[in-house]
1. Given the options B:GLY46, B:GLY110, B:GLY59, name the one that is part of a helix (DSSP H, G or I), within 14 Å of another protein chain (Cβ to nearest Cβ) and of a type outside the set (Ser, Thr, Tyr).
2. Hey, does segment A:137-155 have a residue that's part of a loop (DSSP other than H, G, I, E, B) and either touching a helix residue (DSSP H, G or I) at 6+ places or on another chain (Cβ under 7 Å) or among the small types (Gly, Ala, Ser) (or both)?
3. What is the one condition in (1) more than 23 Å from the chain's Cα centre (by Cα); (2) without any contact (Cβ under 8 Å) to a residue 24 or more places away in the chain that A:THR184 does not satisfy?
4. Could you check B:THR275 against (1) β-branched (Val, Ile, Thr); (2) over 25 Å from B:LEU141 (Cα atoms); (3) buried (at least 23 other Cβ atoms within 10 Å of the Cβ) and say which number it fails?
5. Need the failing condition index for A:ALA226 against (1) in contact with a strand residue (DSSP E or B) (Cβ under 6 Å, 6 or more places away or on another chain); (2) free of Cβ contacts under 8 Å to residues at least 60 places away in the same chain; (3) within 14 Å of another protein chain (Cβ to nearest Cβ); (4) farther than 30 Å from B:PHE42 by Cβ, just the number.
6. Kindly provide the set of residues from segment A:204-243 that are under 16 Å from B:ALA254 (Cα atoms) and of a type outside the set (Val, Ile, Thr), ordered by number.
7. Could we say that A:THR264 is under 30 Å from A:PHE313 (Cα atoms), among the hydroxyl-bearing types (Ser, Thr, Tyr) and within 14 Å of another protein chain (Cβ to nearest Cβ) here?
8. Only one residue in A:ASP280, A:ASP315, A:ASP237, A:ASP259 is loosely packed, with under 15 Cβ neighbours inside 10 Å and not assigned by TED's automatic domain parsing to the domain that holds A:ILE186, so which one is that?
Amino acid sequence: MKTFTKYLGAACVLGLGLASTGAIAQEKIKIGVSIPAATHGWAGGLNWHAEQAEKRIEATYPNIDIIVVSANGATEQANDLEDLVSVQDIDALVVLPFESDPLTVPVQQVKEAGKFVTVVDRGLSLPGIEDVYVAGNNPELGRVSGEYIRGRLNDEGKIVVLRGIPTTIDTERVDAFVEELEGTNIEILDMKHANWNRDDGYEVMQDFLSRFPEIDAVWAQDDDIALGVIEAVKQADRTDEMFIVGGAGMKDIIKRVMDGDELTPIDVLYPPAMIATAMDVTVMKFTSNAPVEGRYILGATVVTQENAENFYFPDSPF
Amino acid sequence: MSSLERTEASTSSGFNIDFKALGPFLALVGLFVLGTVINDAFLSGGNLSNIFTRAAFIGIIAVGATFVITAGGIDLSVGSMAAFISGAMIVVMNTLVETLGAGVETVLIGILVSVLLGIAAGAVNGLVSTKGKIEAFIVTLGTMGIYRSLVTYMADGGTLSLDFGVRGVYRPVYYGDVLGIPVPVLVFFAVAVVGYVLLNMTPFGRKCFAIGSNEQVARYSAIHVDRVKTLTYVIQGLCVSVATIIYVPRLGSASSSTGVLWELEAIAAVIIGGTMLKGGYGRIWGTVVGAIMLTTIGNILNLTDAISNYLNGAVQGLIIIVAVFLQRGDWRRKKSK
């Protein structure tokens, strides 16, 4: 429904543009932003940050026009890309592909049409298509989380791990995490999939709690899972025994870190705000003569009580 | 059809009838034995209470689904409906905090909203499919998409979180207990008892069986088919509402990923319990056992690392098929001959 309104809006703008042919709007640089629709928390944050960045950039640079479209699936996104090129006649594209494989060729076609292409988060299956690549760092997220848990436990203790949905993202995170703990006396009691979902996090943690009498730390990997874990630990009345490390940067968890909650001492970022980074870099291509082409891999910043304020967006849905 | 089968079974041997009704119970006992063998912690009071409490959501929804399916219908919208009603409850209660404060009134109004929405949503499914003469599969597939989008829209793609003050007041509805039995388990039991009486001891229940067996014959027998069928969807909506009332205080949140695939779990619980998917025969206690079985499988898989995580779905699928085969398959008849 939102997408529809946006299309309607875009159509109106287009209509107005046609009506006032050649008046002022001609020199505008159009940047299309294609992202997945807000079907889960992280994507919700993505959409919110894209909208915020759109407002901010358009206010700063009157000659830049940003068009954000969101898609509910890979096919829909491929259609969006065609529309952006043929109907909107964009100069640059910022795209967070729904899935890598099915969108490689559609993005390649945009590139072949002579547009500047920025790919975000999920890389394409063929190298050399995009001018700019912006992404979070999944292995780094796992490594940093492992590093923190090692430090807190002095290389000794028992932990449980809640994994995400079985995908490359999950595997990369978990592999790096396990590698970081190698050679220590930290025992991973078990790892189970909680599918980046609160309810699953709650249930899996309940079962871990009845199965293991001693748990020193929990790596929930994701903030939605972490929220479920928190409730399960509270219910079992074992809050003094362990701490929980989540990931992503959801406002509820950042708030807890900011307030100095003993249960969630830190959070590791995998920020949906990366879409704003990508949009800004793309805009720089047109507003400055600084070279921007290249790969931007964002660090997996550790959020602690000291710096939490910088990452707290109370208005964001995520 | 089903009544024919039953008479045939009862005449052939006394062993068979018992087995058919007891099938789901025996499968559950089997699962419990398996769980105990796998991990001692399985039979601990905490774990058992976890299983029954968790089973309450799907179980309550599945009791409603037993009515719909017995009367020859199907409702695919229950998972989305649960997410939508949870979301609406949270929005209403958060708004009320400003005027009424975070008190019991706020929670009661939230619960009232949930019940009204459940009845309304069920009535829409029922009326559109009966009066509109559209297959229930299509109608509820449509409403499934509608409710799912509505909750995503309300949450702006993110998560709706209940006000922390209200959470404190509302919390005992999920986490509380009476004489050591968790509240959700008591609610589940009460819903099942009411469902059992309604389905097996009232004219309404008999009409559900009749319509599910043969809608034409039921119509000729002066049964108000449309009215009864619509009522089954209303009961389903009401059950979804009861489930959300105990779901919301658990994590105090709703998002687009709330209740995903609950409709399939509810339908699976109903069928495992011995109700016929094509209608005409329903068994509430079977449904209750079916829901507990589904939860138990997930619990057992979490208690062991013997099976690769990637194969969890396969194990679940296999156990469901075996459980239904044990009570349905031809193997019993051959043995008795």
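1. Testing whether each residue is part of a helix (DSSP H, G or I), within 14 Å of another protein chain (Cβ to nearest Cβ) and of a type outside the set (Ser, Thr, Tyr) leaves just B:GLY46.
2. No, there is no match, as no residue in segment A:137-155 is part of a loop (DSSP other than H, G, I, E, B) and either touching a helix residue (DSSP H, G or I) at 6+ places or on another chain (Cβ under 7 Å) or among the small types (Gly, Ala, Ser) (or both).
3. (2)
4. All conditions are met except number (2).
5. So the condition that A:ALA226 fails would be (4).
6. Correct list: A:ASP223, A:ASP224, A:ALA226, A:LEU227, A:GLY228, A:GLU231.
7. Criteria not met by A:THR264.
8. Criteria check complete, one pass: A:ASP315.
The values are calculated or read from the model by the stated rules, or taken from the named source; none is laboratory data. If you're wondering where the values come from, they're calculated on a predicted model, not measured in any experiment. Ideal geometry is used to build each Cβ from the backbone, glycine not excepted, and the neighbour counts take in all protein chains shown.
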